[in-house]
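Encoded as structure tokens, the structure appears first; notes follow it.
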Amino acid sequence: MRFNIQKLKEQLTLDDYSQILHALGVINLNTNDKVWNMNTICHHREPNDGGINLRFYTDKRVFKCFSRDCDVSDIIALVQTRGQLFKEDYSFLDAVNFIIDNSHLNISDIQGKNLNTNSFDYTKLWNKFLNHTVDYEEPKIYNDNILNLFQKIYPLQWVNEGISINSMKKYNIGYYDRIQATTIPCYDENDNLRGIRGRFWLPDDIERGKYRPIQLLDNTIYSFPCSMFFYGENKTLNHIKKTKEVILVESEKAVLQSDTWFDNESITLGMYGKNLGKYRANELISWGIEKCTIAIDNDYHTINDNEYIQFVNNVNNIWELLHSYMQVDVCYNNLGYDDMYKQNIFDYDEERFEKLWKNKEVI
């Protein structure tokens, strides 16, 4: 197994760090400061037992624990140390898996077999921890009255790209004027609000991440573990279960475009990135899915260039998790269109979509 750990850590954004820390059990994390102070989760199973003695320095991306002699220094060490509170042989590889599944990390530089092979099922470990935590629930359910704060204004850019206003209304898209961001609520299959992502439009904000959880004036961050939910599952799951078929895409936009074209017959789910992860793979299996089509973005120029190899690796990472349980197809730019770099099969018109769909390949 060969992968570049340094590059893996370099790809993590501060939003990724926030999401990972919340998934580990950190409570009330203030991400406005250059130094994040948090509970010593590296030594205590229950976050409230330890006190605020763990710090994260955002400029150098390092951790320091002041509660005792502690070797935690980076995010991998923190995850592994916490994992070992529950399972003595929780490994370095287990920690890497947890980071991948709880971030928007691009794992295209990871070569060889899928990282999940022979790794510990950490989902059960964290769930066991959370079931014994009184003051903290993960994942959180937010009061959806907060959506009344946002204006019913829809991005002209999305309208021009073919996404209907009706679909944006259906998915409760809004606009938060204070931060000039389009708001994208995330729901679970039972219509519980699990988080709110923003599509930021200002150049300075885009540098920090075009898509990330929004934060209110009271410092509430509407973050959620992306690795546990699909975008659109509250709207499409009934039809997915009926047809036993699903299309996996990266972005919320692709889900909205699918809804624009197919309305209640859409079978598209967004992964908030390129990674499926064990938890959501198990969800697909439990839903009785018989056919899955992978339709991630075409992040390459020509077949067989280095970016294409990375694209294939991303597809194979998803295939590895599902192929034993269902048919897995891939729908991508195998017809040679020269304008699909970093584009999705939903990013054009229905005519092109149909051509690509008819030409999808069984893996």
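The values are calculated or read from the model by the stated rules, or taken from the named source; none is laboratory data. Bear in mind the structure is a predicted one, so any value in this text is a computation, not a measurement. Don't worry about glycine lacking a Cβ; one is built from the backbone with ideal geometry, like all the others, and counts go over all protein chains shown.
Numbers for the structure displayed
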item	result
For LEU217: the one exception among (1) in contact with a helix residue (DSSP H, G or I) (Cβ under 6 Å, 6 or more places away or on another chain); (2) part of a loop (DSSP other than H, G, I, E, B)	(1)
Any hit, the range 62-75, residues being under 24 Å from HIS104 (Cα atoms), in a loop (DSSP other than H, G, I, E, B) and of a type outside the set (Gly, Ala, Ser)	yes
Hits in the range 220-229 (condition: crowded, with 24+ Cβ neighbours inside 10 Å, in contact with a Cys (Cβ under 9 Å, 6 or more places away or on another chain) and assigned to a loop (DSSP other than H, G, I, E, B))	PHE224, PHE229
Failed item in (1) at pLDDT below 90; (2) touching a Lys or Arg at 6+ places or on another chain (Cβ under 9 Å), with ILE309 passing the rest	(2)
Selection count, the range 298-332, where residues are β-branched (Val, Ile, Thr) and touching a strand residue (DSSP E or B) at 6+ places or on another chain (Cβ under 6 Å)	4
Enumeration of residues in the range 198-214 that are in contact (Cβ under 8 Å) with a residue 60 or more places away in the chain, crowded, with 18+ Cβ neighbours inside 10 Å and either assigned to a loop (DSSP other than H, G, I, E, B) or of a type in the set (Lys, Arg) (or both)	ARG212
Residues (in a loop (DSSP other than H, G, I, E, B) and under 23 Å from ARG208 (Cα atoms)) located in the range 154-185	TYR154, PRO155, ILE173, ASP177, ARG178, ILE179, GLN180
Residue ID - farthest from GLU250 (Cα to Cα), chosen from residues in the range 307-321 that are hydrophobic (A, V, I, L, M, F, W, C) and buried (at least 20 other Cβ atoms within 10 Å of the Cβ)	LEU321
Scan of the range 233-259 for residues that are of a type in the set (Lys, Arg), in a helix (DSSP H, G or I) and over 15 Å from MET168 (Cβ atoms), ordered by number	LYS241, LYS242
Yes/no for ASP188 being over 19 Å from the mean Cα position of the chain (by Cα), among the charged types (D, E, K, R) and not assigned by TED's automatic domain parsing to the domain that holds ASP59	no
Residue tally, condition surrounded by 15 or more Cβ atoms within 10 Å (Cβ to Cβ) and either touching a Phe, Trp or Tyr at 6+ places or on another chain (Cβ under 6 Å) or part of a loop (DSSP other than H, G, I, E, B) (or both), over the range 288-306	7
Pick from the range 87-118, criterion within 18 Å of the chain's Cα centre (by Cα) and hydroxyl-bearing (Ser, Thr, Tyr), ranking: modelled with the highest pLDDT	SER103
Residues (among the hydroxyl-bearing types (Ser, Thr, Tyr) and part of a helix (DSSP H, G or I)) located in the range 76-102	THR81
From TYR279, TYR332, residue being in a loop (DSSP other than H, G, I, E, B) and crowded, with 16+ Cβ neighbours inside 10 Å	TYR332
Subset of the range 344-363 [among the hydrophobic types (A, V, I, L, M, F, W, C) and surrounded by 12 or more Cβ atoms within 10 Å (Cβ to Cβ)]	ILE345, PHE346, PHE353, LEU356, TRP357, ILE363
Failed item in (1) touching a His at 6+ places or on another chain (Cβ under 7 Å); (2) in contact (Cβ under 8 Å) with a residue 40 or more places away in the chain, with GLU265 passing the rest	(2)
